[in-house]
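Trainee: Okay, here's the structure, questions in a sec.
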Amino acid sequence: MLVTIQKHVFETLDDERLLIVCNEPIAHQVDKKMVRISTDIFYTLTEGQRSLFLFQTFDRHLGQHGVYGWFCHLEYLFAHGPFWNVVDVYIRRVAGKEASAFFIQLRALRDKMTELAQRNGRKICDYFGEHMADYPDLQREMEELDQVVITLFPELRSAIARDIRKHPEQFVMWHH
């Protein structure tokens, strides 16, 4: 699922466009009607492609609801340990421990919220949509993570683009 591209075109792409172009083959494999990416497809990707896909998915779903929106819209990612292992290993390698720590905190917060929601027989979105004010510590933690995202994601975007340029064989096949 590598993208076929001419080397001179690859070299002229800015970071944002590079991430989009390298993610295109993956996006085309994912059925838009599916709620989640098939694990069969996921494991055919290189380590870099897996991480890029996950980063692009998180980035695309970072809307007005911030981290809380991820819990509502990306439940299938949070439920799969292998996805988290890929993110942790790759992000730690390309962006360092601080970036990786964000995802560890994110997962821990999601786990706490899931436990509370399930204890009340609901899903995170359903339960916390009505009861978030009852949990000021969780709300504060989520707001702190929302602030981290603002500075972290541009840095991650640049780090991933540098990694793509350093290891193009994980993302592209040269077209002559």
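The values are calculated or read from the model by the stated rules, or taken from the named source; none is laboratory data. Since the structure is predicted, the reported quantities are computational estimates derived from the model, not experimental observations. Glycine also receives a Cβ, built like all others from the backbone with ideal geometry; neighbour counts cover every protein chain displayed. Protein only, heavy atoms only, side chains kept; ligands, DNA and RNA dropped before computing areas. Shrake-Rupley method; radii C 1.70, N 1.55, O 1.52, S 1.80 Å.
Trainee: Just His61, His28, His73 to compare: in a GNM of the chain, with alpha carbon springs under 10 Å, which one fluctuates most?
Mentor: Result for the chain, Cα springs under 10 Å: His28 fluctuates most.
Trainee: Next question. How big is the charge dipole of the chain about its Cα centre, in debye rounded to the nearest 20, if each Lys and Arg gets +1 on its Cβ and each Asp and Glu gets -1 on its Cβ? Provide the component values of the computation, followed by the final result.
Mentor: Details: 21 positive and 25 negative charges, 85 e Å.
Value, rounded to 20: 400 debye.
Trainee: Once you measure Cβ to Cβ distances between cysteines in the chain, which Cys have no partner under 4.7 Å?
Mentor: Cys22
Trainee: So which aspartates and glutamates pass the test for Lys7, namely a Cα distance under 12 Å, with those fewer than 8 places away in the same chain ruled out?
Mentor: Partners found: Glu169.
Trainee: Okay, moving on. Over the Cα atoms of region 69-176, compute the convex hull volume and normalise it per residue, giving Å³. If you can, show how the numbers build up before the last one.
Mentor: Working: hull volume 12.7 nm³, N = 108.
In region 69-176, the Cα hull volume divided by residue count equals 118 Å³.
Trainee: So, for the chain, what is the accessible surface per residue at a probe of 1.4 Å, expressed in square angstrom? List each step's numbers first, then the result.
Mentor: Working: 9580 Å² over 176 residues.
Dividing the accessible area of the chain by its residue count gives 54 Å².
Trainee: Pick out, from His131, Val89, Phe102, the residue whose Cα sits farthest towards the positive end of the charge dipole of region 82-160, with +1 on the Cβ of Lys and Arg and -1 on the Cβ of Asp and Glu.
Mentor: Of the listed residues, the answer is Val89.
Trainee: Further question: Could you check how much of the accessible area of the chain is carbon and sulfur, as a whole percent, using a 1.4 Å probe? Walk me through the numbers on the way to the answer.
Mentor: Numbers: 4970 of 9580 Å².
Here it works out to 52 percent.
Trainee: Now a separate question. Any idea what the dipole of region 95-176 comes to, in debye rounded to 20, about its Cα centre with Lys/Arg Cβ at +1 and Asp/Glu Cβ at -1? Write out the running numbers ahead of the final one.
Mentor: Working: 12 positive and 14 negative charges, 80 e Å.
Around 380 debye, computed over region 95-176.
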